[in-house]
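Take a look at the structure below.
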Amino acid sequence: MKFLCLQCDQVMAFAERQIPGDGTLAAVFTCPGCGHEMAMLTNPMETQLVSSLGVRIGGRTVPEQPFELTRTQLSETRPDAFAEPEPVAQTVRWDSDATERLARVPSFVRGMVKRIYADWARDNGIALITPQIMDRARAELGLEGM
């Protein structure tokens, strides 16, 4: 929510927050153009609702964080939940025979099959996928009948 100055048509800036002590909350806004001030006063019920939602009234002291509202609403958070994933250290390559064999897989599942083999190869420290590696992966993953 933003307030506009009717005289200048500029967005009013937050100036101060006051908590009188009777359960109400006052927020004062100032127009950067003409200096006009206005205040918003909430009743005790509105103040309690705003507080229970975790809304912060006032200027920021720290920059916004990605998914900030979502993070504050999660009951149990992991510190790394929104961290960037580590880059994949090893790129898996396919030799020509394995690529030819992969081309015979129906196109609507080819991407999934390729990812299964590539993930298995990475997990097992294999940098080059060959038909023999594909056979080994199928056996270890229990995909023999497919």
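FYI, it's all coordinate maths here, none of it is from the lab. Quantities reported herein were computed from a predicted structural model and do not represent experimental measurements. With ideal geometry, Cβ positions are generated from the backbone for all residues, glycine too; neighbour counts draw on all protein chains shown.
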**Message:** Just to check I understand the Karplus step: with θ = phi - 60° and J = 6.51 cos²θ - 1.76 cosθ + 1.60, what whole-Hz values come out for the stretch 106-111, glycine and proline as x?
**Reply:** x, 4, 6, 10, 4, x
**Asked** Tell me, what is the percent relative contact order of the stretch 93-141, built from C-alpha pairs under 8 Å that lie six or more residues apart?
**Response** 51 percent
**Message:** I'd like to compare 101-114, 131-144: which one has the highest average count of other Cβ atoms within 10 Å, and what's the full order after that?
**Reply:** 131-144, 101-114
**Request:** Write down, largest first, the equivalent ellipsoid semi-axes of the stretch 1-60 in whole Å, where each equals the square root of 5 times an eigenvalue of the alpha-carbon gyration tensor.
**Result:** 23, 11, 9
**Asked** In the stretch 93-141, if every C-alpha pair distance is counted and binned at 10 Å from zero, what percent goes to each bin?
**Response** 27, 63, 9
**Fill in**
the stretch 1-60: relative contact order from alpha carbon pairs under 8 Å, six or more residues apart, as a whole percent, is 29 percent
